[in-house]
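Visitor: The following block contains the structure, expressed as C-alpha cells.
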Amino acid sequence: MIPLAKPVLGAEEEAAVVEVLRSGQLSLGPRVPEFERRFAERLGSGVHASAVSSGTTGLHLGLRAAGVSDGDEVVTSPFSFVASANVVLYERARPVFADIDPRTLNLDPEAARAAVTERTSAILPVHIFGYPADTPALERLGLPIVEDACEALGATHADGTPVGSRGHAAVFAFYANKQMTTGEGGMLVTRDPAVKVRVDAERNQGRAPDMDWLDHDRLGFNYRLDDIACAIGLTQLDRLEGMLADRTRVAGWYDEAFAALVASRGLRLPCPDVGQERRGWFVYVVQLPDGVDRDEAVVALRARGVQSKPYLPAIHLMSFYRERFGHREGEFPVCEDVARRSLALPFFPEMTVGQVAEVVEALTSVID
Ligand SMILES: Cc1ncc(COP(=O)(O)O)c(C=O)c1O
C-alpha cells in the first residue's frame, strides 16, 4: 500500500533524542530557545518564535494575543482543518465563515470583507495546502490577523515575503504529515516582542519569565513543547530545505503524469504558483471531475494499493457546526463544491517517480 504521508526520520533524530534523555532535562531546557531561535532565523530578522504543543494551541494563543474574546466574531475559511474554527470557540467568540477563491482555495478577500461586522475582532486566514493566502489584501481590512500557516512552511507571498514573516501572529504545525515534524508540536511567530512575551507566559501556566515557579500573574495553559520534541525539530530544520525540495519535485512528477487525465477528463490539479507566489508543498490534492463519486474512488484506489483521503470536508457542514450554528448546504458554494471533489493522494519527500506513476495509473483506471 502506498501511504498518504511518511515523515523523514533518521539516525540524526535518534541521536538527538538520546542526547536529551541522557541530559535529564526533558522540559523547559535549552533545546526550546535554540529551536525557536533557529526557526525564527529562517523567516528573517526581527521575527520571534514561541514553540508550543501543537498548531491548535498556537492558534489559540495567537487569537488571545490579538485580543479576541467573548462575543467577538472572527472571519475565517470554511475550507480548512477543523482546528482553525474550533480555536475561535475556545475564546467564546464566533467563527464567521466566508467563501473561498476557486483557484487558490483560500479565503476570498472580497467575501471576507463582506463578512466583517462591528463585532469582528480578527481575521484568521488559512494558507490551505501550503498555498499562500492573499494576506496583503486582508491586511487592507484594517483588523488584527492571525494566520493559520500550519500547512504552509516554505511558502512565499507574491511580494516575496515568506509566509509567517509579515508581522501578524502566524502559526506552523509539526504533526508527522507536515513539511517537518516534532511528533506533535507547533510554532507561533510574530514581529511583536510583546506578543512573544505574552505567548511564552500563557503557554507556561501564566508565568512571566522573571517569576518563580509557582508564581502566576495571569491565566495560563500548559501548551509547552518539550525538549525531546525540540531536539527532533532542530534536526528536522537541518533537513528542511532538502525535504521541501523533494516535495516540490514529487509534485512536479504528479503534474506531468496527470497531464493526460487533465486533458481527457478535466481532473483539476493544485493551482500552479503565480508570479513570485510559492506553495510550500504539503499535500497533493486533486479535484475529481463531474460524475465521479469521490468516496467510491477512495475505496477503488485502496483496492489498487493506494491510500487516499477525502480532504477536506467543509467545516460549516460538520454536524457540530450545523447543530451549534444552523449552517446548511448552499451557504458557501465554492467551498462546498471543492470539498465534494477533493481527494488527497500519497505525497511525501521520499516518494519515488515509480510510486507516483502507480498512483496516477490507479486513479486513471478508476475515473477514465
Ligand atoms: C490548516 C490546519 N490548521 C490547524 C491544524 C492543527 O494543527 P495541530 O494538529 O498541530 O494541532 C492543522 C493540522 O493538521 C491544519 O492542517
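The values are calculated or read from the model by the stated rules, or taken from the named source; none is laboratory data. What you see is a predicted model, and the numbers here were worked out from it, not measured in a lab. Glycine also receives a Cβ, built like all others from the backbone with ideal geometry; neighbour counts cover every protein chain displayed.
Visitor: Where in region 183-284 are the helices (runs of 4 or more DSSP H), entirely inside, with at least 2 residues that are crowded, with 22+ Cβ neighbours inside 10 Å and modelled with pLDDT of 95 or more?
Guide: Those helices (runs of 4 or more DSSP H) span 193-203, 227-257.
Visitor: Here's something else I'd like to know. What number of residues in region 163-182 are out of contact with any Phe, Trp or Tyr (no Cβ under 8 Å at 6 or more places or on another chain) and charged (D, E, K, R)?
Guide: Qualifying residue count for the region: 1.
Visitor: Could you list, in sequence order, the residues of region 50-85 that are buried (at least 24 other Cβ atoms within 10 Å of the Cβ), closer than 12 Å to GLY186 by Cβ and of a type in the set (A, V, I, L, M, F, W, C)?
Guide: ALA51, VAL52, LEU59, LEU61
Visitor: Cβ-Cβ distance below 7 Å, separation of 6 or more or different chains: which pairs start in region 164-177 with a residue that is more than 10 Å from the ligand (Cβ to nearest atom) and end on one that is modelled with pLDDT of 95 or more and basic (Lys, Arg)?
Guide: These pairs meet every condition: GLY167/ARG191.
Visitor: Among (1) away from the ligand (no atom under 16 Å from the Cβ); (2) at negative phi; (3) small (Gly, Ala, Ser), which single condition is ALA152 missing?
Guide: Against the list (1) away from the ligand (no atom under 16 Å from the Cβ); (2) at negative phi; (3) small (Gly, Ala, Ser), ALA152 comes up short only on (1).
Visitor: Considering region 189-206 alone, what residues qualify as being under 15 Å from VAL52 (Cα atoms) and more than 15 Å from the ligand (Cβ to nearest atom)? It would help to see each step written out before you state the result.
Guide: Initial filter on region 189-206 (under 15 Å from VAL52 (Cα atoms)): 189-190, 195-206.
Passing the criteria: THR190, VAL195, LYS196, VAL197, ARG198, VAL199, ASP200, ALA201, GLU202, ASN204, GLN205, GLY206.
Visitor: Are there any helices (runs of 4 or more DSSP H) wholly within region 309-368 with 3 or more residues that are buried (at least 16 other Cβ atoms within 10 Å of the Cβ) and not acidic (Asp, Glu), and if so which?
Guide: By residue number, 333-341, 353-367.
Visitor: Turning to a different aspect of this structure: Taking region 71-106 only, how many residues are in a strand (DSSP E or B) and either within 16 Å of the ligand (Cβ to nearest atom) or under 16 Å from ALA133 (Cα atoms) (or both)?
Guide: Total meeting the criteria: 6.
Visitor: Among the residues in region 129-151, are any touching a Gly at 6+ places or on another chain (Cβ under 6 Å) and part of a helix (DSSP H, G or I)?
Guide: yes
Residue-wise test of (1) away from the ligand (no atom under 16 Å from the Cβ); (2) under 20 Å from the mean Cα position of the chain (by Cα).
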site	(1), (2)
MET187	no, yes
ALA208	yes, no
TRP213	yes, no
GLY220	yes, no
CYS230	no, yes
THR248	yes, yes
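Visitor: Sticking with this one: Only one of ASP200, ASP226 is within 26 Å of HIS168 (Cα to Cα), touching a residue at least 60 places away in the same chain (Cβ under 8 Å) and touching a Leu at 6+ places or on another chain (Cβ under 7 Å). Can you tell me which? Steps first, answer last, please.
Guide: Details: ASP200 fails: touching a Leu at 6+ places or on another chain (Cβ under 7 Å).
Being within 26 Å of HIS168 (Cα to Cα), touching a residue at least 60 places away in the same chain (Cβ under 8 Å) and touching a Leu at 6+ places or on another chain (Cβ under 7 Å) holds for just one of ASP200, ASP226, which is ASP226.
Visitor: Moving to a separate point now. Does VAL88 satisfy the criteria of being over 29 Å from MET180 (Cα atoms) and among the aliphatic types (A, V, I, L, M)?
Guide: No, not satisfied.
Visitor: Could you list all residues from region 37-55 that are outside any helix (DSSP H, G or I), within 16 Å of the ligand (Cβ to nearest atom) and either farther than 23 Å from SER80 by Cα or of a type outside the set (A, V, I, L, M) (or both)?
Guide: Hits for region 37-55 are ALA49, SER50, SER53, SER54.
Visitor: Which residue is nearest to the ligand (Cβ to nearest atom), if the candidates are limited to region 56-70 and must be in a loop (DSSP other than H, G, I, E, B) and touching an Asp or Glu at 6+ places or on another chain (Cβ under 9 Å)?
Guide: The qualifying residue nearest to the ligand (Cβ to nearest atom) is VAL68.
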